[in-house]
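S.K.: Shown below is the structure under consideration.
The values are calculated or read from the model by the stated rules, or taken from the named source; none is laboratory data. Only a predicted model underlies this, so the values are computations on that prediction, with no experimental measurement involved. Cβ sites come from the backbone with ideal geometry, for glycine too, and all protein chains shown count toward neighbours.
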Amino acid sequence: MAAVAEIYRGYVLDGLASFETDPPSAGEMDRRRQGIQQSGLPYYVAEVDGTVAGYAYAGRYRARIAYRYTVEDSIYVSPDRSGRGVGLALLSALVERCTALGYRQMLAVIGDSGNAASIRLHEKAGFRKVGLLPSVGFKLGRWVDAVLMQRPLGAGDSGLPDVE
């Protein structure tokens with residue numbers, strides 16, 4: 001988790017993809033990972049040539065029961081591995097696993113409307129833009145938008161989910 005925390009640290013300190021401003025420790029990142037996994041959702045770490053190249057996970061979109069079939073993805077790739085397919089491999093694995101788990105929608109909340117790489121990545125994975133939240137964050141001395149993207153999983157909304 002030290003390598004995962006180091007990747008995320010760069011996004012927190014120097015980027016707009018994350019709206020956090022204080023980098024979490026490796027211990028905190030491990031606590032977050034455990035929480036995701038204990039909820040039954042996937043958390044993946046990609047390794048290339050023995051080095052952590054990126055990580056991704058799916059979390060519940062919101063806690064209220066009506067959102068129970070919707071998840072939100074998070075993907076962070078090491079800058080030295082950007083543009084080499086790591087992000088798409090991670091996102092594809094998340095989509096596949098969340099579909100198998102019975103989720104019906106996946107959302108991406110992308111920090112910074114200028115984050116072309118993340119927007120392109122999600123478009124390649126079948127997401128479409130569904131909204132923009134202008135100026136909802138303030139980081140690095142400027143207002144930052146959030147782009148909302150969405151893709152159906154499995155049957156999406158074309159039928160009712162299995163009722164618990």
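S.K.: Pick from Leu101, Leu107, Leu94, Leu88: which is under 26 Å from Ser39 (Cα atoms), in contact with a Gly (Cβ under 8 Å, 6 or more places away or on another chain), at pLDDT 95 or above and aliphatic (A, V, I, L, M)? So that I can check it myself, show each step before the final result.
M.R.: Details: Leu107 fails: in contact with a Gly (Cβ under 8 Å, 6 or more places away or on another chain); Leu94 fails: in contact with a Gly (Cβ under 8 Å, 6 or more places away or on another chain); Leu88 fails: in contact with a Gly (Cβ under 8 Å, 6 or more places away or on another chain).
Step by step, each of Leu101, Leu107, Leu94, Leu88 is checked, and only Leu101 is under 26 Å from Ser39 (Cα atoms), in contact with a Gly (Cβ under 8 Å, 6 or more places away or on another chain), at pLDDT 95 or above and aliphatic (A, V, I, L, M).
S.K.: Let me ask another. Give the number of residues within the range 35-82 that are out of contact with any helix residue (DSSP H, G or I) (no Cβ under 9 Å at 6 or more places or on another chain) and among the aromatic types (Phe, Trp, Tyr).
M.R.: Counting residues in the range 35-82 that are out of contact with any helix residue (DSSP H, G or I) (no Cβ under 9 Å at 6 or more places or on another chain) and among the aromatic types (Phe, Trp, Tyr) gives 2.
S.K.: Same structure again: Please tell me if Glu72 is surrounded by fewer than 16 Cβ atoms within 10 Å (Cβ to Cβ), within 16 Å of Gln150 (Cα to Cα) and without any contact (Cβ under 8 Å) to a residue 60 or more places away in the chain.
M.R.: On the way: surrounded by fewer than 16 Cβ atoms within 10 Å (Cβ to Cβ): no; within 16 Å of Gln150 (Cα to Cα): yes; without any contact (Cβ under 8 Å) to a residue 60 or more places away in the chain: yes.
It is false that Glu72 is surrounded by fewer than 16 Cβ atoms within 10 Å (Cβ to Cβ), within 16 Å of Gln150 (Cα to Cα) and without any contact (Cβ under 8 Å) to a residue 60 or more places away in the chain.
S.K.: Limited to the range 128-155, what total is found for residues that are part of a loop (DSSP other than H, G, I, E, B) and more than 27 Å from Leu13 (Cβ to Cβ)?
M.R.: Residues of the range 128-155 part of a loop (DSSP other than H, G, I, E, B): 140-141, 153-155.
Adding the requirement that they be more than 27 Å from Leu13 (Cβ to Cβ) leaves 153-155.
Final tally of qualifying residues: 3.
S.K.: Looking only at residues that are of a type in the set (A, V, I, L, M) and part of a helix (DSSP H, G or I) in the range 95-112, which one is surrounded by the most Cβ atoms within 10 Å (Cβ to Cβ)? Explain how you work it out, then say what you get.
M.R.: Kept after step one, since they are of a type in the set (A, V, I, L, M), are these residues of the range 95-112: 95, 100-101, 106-110.
Going one step further and asking which of them are part of a helix (DSSP H, G or I), we end up with 95, 100.
Numbers: Val95: 22, Ala100: 11.
Only one residue fits best here, namely Val95.
S.K.: Does Arg60 meet the test of being within 29 Å of Trp143 (Cα to Cα), within 14 Å of the chain's Cα centre (by Cα) and not polar (S, T, N, Q)? Steps first, please.
M.R.: Values: within 29 Å of Trp143 (Cα to Cα): yes; within 14 Å of the chain's Cα centre (by Cα): yes; not polar (S, T, N, Q): yes.
Yes, satisfied.
Here is a yes/no grid of residues against (1) among the polar types (S, T, N, Q); (2) under 26 Å from Tyr69 (Cα atoms); (3) touching a Phe, Trp or Tyr at 6+ places or on another chain (Cβ under 8 Å):
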residue	(1), (2), (3)
Ala17	no, yes, yes
Asp22	no, no, no
Arg31	no, yes, no
Gly40	no, yes, no
Tyr43	no, yes, yes
Val48	no, no, no
Tyr57	no, yes, yes
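S.K.: A further question on this structure: Being closer than 15 Å to Val109 by Cα and crowded, with 18+ Cβ neighbours inside 10 Å is the filter here; which residues of the range 36-60 pass it?
M.R.: So the first thing to find is which residues in the range 36-60 are closer than 15 Å to Val109 by Cα, and the list is 56-60.
Ala56, Tyr57, Ala58 - these are the residues of the range 36-60 that are closer than 15 Å to Val109 by Cα and crowded, with 18+ Cβ neighbours inside 10 Å.
S.K.: Let me ask something else. Of the conditions (1) touching a Pro at 6+ places or on another chain (Cβ under 7 Å); (2) assigned to a loop (DSSP other than H, G, I, E, B), Glu20 fails just one. Which one is it?
M.R.: (1)
S.K.: Now for a different question. Taking the condition of being free of Cβ contacts under 8 Å to residues at least 24 places away in the same chain, closer than 22 Å to Ala56 by Cα and of a type in the set (Lys, Arg), how many residues in the range 112-164 meet it?
M.R.: Counting residues in the range 112-164 that are free of Cβ contacts under 8 Å to residues at least 24 places away in the same chain, closer than 22 Å to Ala56 by Cα and of a type in the set (Lys, Arg) gives 3.
S.K.: If you don't mind, another one. Residue pairs, Cβ under 6 Å, 6 or more apart or interchain, first in the range 1-14 and in contact (Cβ under 8 Å) with a residue 12 or more places away in the chain, second assigned to a helix (DSSP H, G or I). List them.
M.R.: Every condition considered, the pairs that remain are Met1/Ala26; Met1/Met29; Met1/Asp30; Ala2/Ala26; Val4/Met29; Ala5/Ala26; Ala5/Met29.
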